[in-house]
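The values are calculated or read from the model by the stated rules, or taken from the named source; none is laboratory data. Just so it is clear, the model here is predicted, and its values are computed rather than measured. Because the Cβ atoms are built from the backbone with ideal geometry, glycine has one as well, and the counts that use them run over all protein chains shown. Note: areas computed on protein heavy atoms with side chains; ligands, DNA, RNA excluded. Shrake-Rupley method; radii C 1.70, N 1.55, O 1.52, S 1.80 Å.
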Amino acid sequence: MKKQITPILSVVIAAFNEQDNIKELTTRIDKTLKSNNIQYELVYVIAGTDNTVKIVQEFQKTLPIKIIYSPQPGGLGNDFKKGFAAVSPSSKYVLTMDADLNHSPEEIPLFMKCMETDQPDIIIGSRYIKKAKLLNMPLWKRFVSKLANITFSIMLGTSIKDKTSGYRLYKQKILQNIASSFKSRNFEFVIEMLMIALKNKYKIQEIPITFNYRIYGKSKMNLFKTAKGYAKLLLYRNKIQIK
């Protein structure tokens, strides 16, 4: 029987047809957090018509999991916004990560340790700082990521190396302030959230991660839509409000 807990950490993940990855991901998250005595909840925002939601529903019988489901994807930004709204008020921190095993759950305790020690508002798991590793990332995706990072470094005047990383840990209050402001529907919401954070002068810290490119399933990133979204952000950046 599932035990009721008061989470200190909420892990929010959007998953679109990730049946080949979701079981391993959930198992590894649970094992890692329990072995480090971290009280947690998982908030899954699931879209698609494969078996992803059924697999997570089985885990839900014994683990602290919330499920938001729709057969049709609503856009990554929209899906995360739904997930953020479902986070328990008791959670002190909110972690975002990918559903395709790009991000290693075993690194979550490093985020938590850094947050407790250095007390930043946001921690970014970076692929582009010293000691980080990139494993099997296709050249086209590396090029797009690097180009976006260079462009936004120039336009925003920031020294943050990995602005497109979705592996992040937020203080809950900071996260909710940002979530109430961002407007992007798709992949570009990750950069918009960072833009809002920079505008509000939140303290941001990067830590190195090992990025493992997916083995199973296909990337959901649409190159044209993402480029269009990035272009809109550049035009919109001066209109971002301070909270």
* Structure fact -> Given pairs Lys82/Lys232; Lys31/Lys141; Lys161/Lys183; Lys92/Lys228 and cut-off 25 Å on Cα-Cα distance, the over-length ones are Lys31/Lys141; Lys92/Lys228
* **Percentage relative contact order, region 94-243, counting C-alpha pairs under 8 Å, at least six apart** => 39
* Asked: What residues from region 141-178 fall in the zone where the backbone N is under 15 Å from a label point 7 Å along the Cα-to-C-beta line of Lys133?
  -> none
* Asked: If amide H atoms are built 1.01 Å from N in the plane of the peptide, which residues on other chains or at least 5 residues away come under 5 Å of the amide H of Ile68?
  -> Tyr44, Val45, Ile46
* Residue by residue through region 84-94, which ³J(HN,Hα) values in whole Hz follow from phi under the Karplus form 6.51 cos²θ - 1.76 cosθ + 1.60 (θ = phi - 60°), with glycine and proline marked x? -> 4, 5, 8, 5, 5, x, 6, 5, 7, 10, 10
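Compute the Cα gyration tensor for region 111-186, then decide on rounded, prolate or oblate, letting a ≥ b ≥ c be the square roots of its eigenvalues: rounded whenever a/c is under 1.5, prolate when a/b is larger than b/c in the other cases, and oblate in all that remain.
Taking the square roots of the gyration eigenvalues as a ≥ b ≥ c, region 111-186 is oblate.
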* Calculated from backbone phi, Karplus (6.51, -1.76, 1.60) coupling profile of region 160-169 in Hz, x at Gly/Pro -> 4, 7, 10, 7, 9, 5, x, 8, 9, 10
* Asked: How big is the antiparallel share of DSSP beta bridges in the chain, given as a percent to the nearest 5?
  -> 20
* Could you list the square roots of 5 times each eigenvalue of the Cα gyration tensor of the chain, that is, the equivalent ellipsoid semi-axes, sorted largest first and rounded to whole Å? => 26, 20, 18
* For the chain, what is the mean residue ellipticity at 222 nm derived from helices alone (per DSSP H run of n ≥ 4: -39500 (n - 2.57); sum divided by total residues; nearest 500 deg cm²/dmol)? -> -12000 deg cm²/dmol
* Asked: Ignoring ligands and nucleic acids, what accessible area does Ser181 show with a 1.4 Å probe (Å², nearest 10)?
  -> 20
* Solvent accessible area, Å² - Asp98, 1.4 Å probe, full protein context -> 50
* Structure fact -> The alpha-carbon center of region 31-90 and that of region 145-209 are separated, in whole Å, by 22
* Once phi is turned into ³J(HN,Hα) by the Karplus curve 6.51 cos²θ - 1.76 cosθ + 1.60 with θ = phi - 60°, what whole-Hz value does each residue of region 103-111 show in order, with x for glycine and proline? -> 9, 8, x, 5, 8, 4, x, 5, 4
* **Within straight-line cross-link reach of Lys146, aspartates and glutamates at Cα separation under 13 Å, skipping those fewer than 8 residues along the same chain** => Asp162
* Can you give the accessible area of Ser70 in Å² (nearest 10), computed on protein heavy atoms with a 1.4 Å probe? -> 40
* Relative contact order computed over region 1-73 (Cα-Cα under 8 Å; 6+ residues apart), in percent -> 42
